[in-house]
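Let me begin by presenting the structure, written as structure tokens, before commenting on it.
The numbers here are math on the coordinates, done by the rules we state, and not lab data. What you see is a predicted model; the values in this text were computed from it and never measured. Glycine also receives a Cβ, built like all others from the backbone with ideal geometry; neighbour counts cover every protein chain displayed.
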Amino acid sequence: MELNLYMTTKTGNEIRLIYNKLYKHYGPQGWWPLLGMDSSTETDVRMVYHPLNYDLPKTRNETYEIILGTILTQNTAWNSAEMALRNLKALNAIDPENLLGLDTEIFKQAIRSAGFLNQKSVYIKEVTKFYIALDGKIPKREKLLEVKGVGNETADSILLYAFKQPEFVVDTYTKRIFSHIGLIDYNYSYNKIKNLFETHLSHDMIIYNEYHALLVEHAKKYYSRKPYGVADPLF
DNA sequence: AGCCAGGCTACCG
DNA sequence: CGGTAGCATGGC
């Protein structure tokens, strides 16, 4: 029979149960957030989450904005990355060609709030050239990983949120929550954890999108300060 | 005042 | 291979 046995394992049930619990508790997350598209109110450009709308990003520059965000938020609070994005928008640089045309010092100062500006300025230029060269095509994970500054999590975030591909994203929060629950060891490799989730869930972009966003939302509340998870009311 | 943030590269054994 | 120092700034 073709009804897969893995669907009945304890681990598989846990992974799906936890998703349902988080979704019921927090609801759809509307990731990846985008800057408001209303340029008439430049002083109040906020990030827009878009729950239950999985058609975004729609334009070349919206896709690019998400790619920029994945680099800017590496080991950095989202608020700091968001500030950098607003600065870039004010420079009309959430556009691959315009960004590459910026003066280097102006560019670095624009992304300063996101930290690691020397590294990230290089990473962003590298991934920008890669994006332009794609010419509208969807990148292979393997090729994304060849770009300097794009590691496992960033590659999966780009594929999932910018290109709507079913790639599960593993981050620090995922490891904290699931090691706290006891389903993984904290030091499992990235791909081992990624495979665990992808094995036990439908290969569904929407599920992967919400699951990762929900884990971040939950972890920000209960897994940001040691000892992690002790006050977690759900798990 | 520290600790933490939606990681990655380079280099080490 | 797996393990880790260094990277920069802002919030709390």
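Tabulated results
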{"item": "Potential lengthening between A:Asn61 and A:Lys108 on full extension [0.36 nm per residue; Cα-Cα distance subtracted]", "result": "14.9 nm"}
{"item": "Expected 222 nm ellipticity per residue - DSSP helices of 4 or more, -39500 (n - 2.57), all of chain A, to 500", "result": "-16000 deg cm²/dmol"}
{"item": "Lysines with Cα under 29 Å of A:Lys129, excluding same-chain neighbours fewer than 8 positions away", "result": "A:Lys58, A:Lys89, A:Lys108, A:Lys120, A:Lys137, A:Lys140, A:Lys143, A:Lys148, A:Lys164, A:Lys194"}
{"item": "Sequence ranges A:114-123, A:82-91, A:62-71, A:223-232, ranked by mean other-Cβ count within 10 angstrom, highest first", "result": "A:62-71, A:82-91, A:114-123, A:223-232"}
{"item": "HN-Hα J in Hz across the stretch A:218-228 - Karplus 6.51, -1.76, 1.60, θ = phi - 60°, x for Gly and Pro", "result": "5, 5, 4, 7, 10, 10, 9, 10, 5, x, 4"}
{"item": "Proxy reagent accessibility, fewest Cβ within 10 Å first, across A:Val48, A:Val169, A:Val147", "result": "A:Val48, A:Val147, A:Val169"}
{"item": "Rule-of-thumb Rg ratio for chain A [Cα; 2.2 N^0.38 Å; N residues]", "result": "1.05"}
{"item": "Note, ³J(HN,Hα) from phi for the stretch A:82-99, Karplus 6.51, -1.76, 1.60, rounded to Hz, x at Gly and Pro", "result": "4, 4, 4, 4, 5, 4, 5, 4, 5, 8, 6, 10, 8, 7, x, 5, 5, 4"}
{"item": "Calculated P(r) of the stretch A:34-162 - Cα pairs past 27 Å, %", "result": "11 percent"}
{"item": "Per-residue ³J(HN,Hα) for the stretch A:48-59, Karplus 6.51 cos²θ - 1.76 cosθ + 1.60, θ = phi - 60°, Hz, x for Gly and Pro", "result": "10, 8, 9, x, 6, 9, 9, 8, 7, x, 9, 9"}
{"item": "Cα-based helix-to-principal-axis angle, A:117-134 vs chain A, degrees rounded to 10", "result": "90 degrees"}
{"item": "On Cα atoms only, tilt of A:60-72 relative to the major axis of chain A in degrees", "result": "70 degrees"}
{"item": "Candidate aspartates and glutamates - alpha carbon under 14 Å from A:Lys221, same-chain residues fewer than 8 apart omitted", "result": "A:Asp232"}
{"item": "Chain A: angle of helix A:190-200 to the longest principal axis, Cα-based, in degrees nearest 10", "result": "60 degrees"}
{"item": "Three-way shape label, the stretch A:103-199, alpha-carbon gyration tensor, a/c 1.5", "result": "oblate"}
{"item": "Difference of contour (0.36 nm per residue) and Cα-Cα distance, A:Lys10 to A:Asn53", "result": "12.3 nm"}
{"item": "Built amide H within the under 5 Å cut-off of A:Val48, gap 5+", "result": "A:Leu34, A:Leu35, A:Gly36"}
{"item": "Residues A:Asn191 and A:Trp78, FRET efficiency given R0 of 30 Å [Cβ-Cβ distance, rounded to 0.05]", "result": "0.75"}
{"item": "Distance between the stretch A:70-116 and the stretch A:180-235 - C-alpha centres, whole angstrom", "result": "28 Å"}
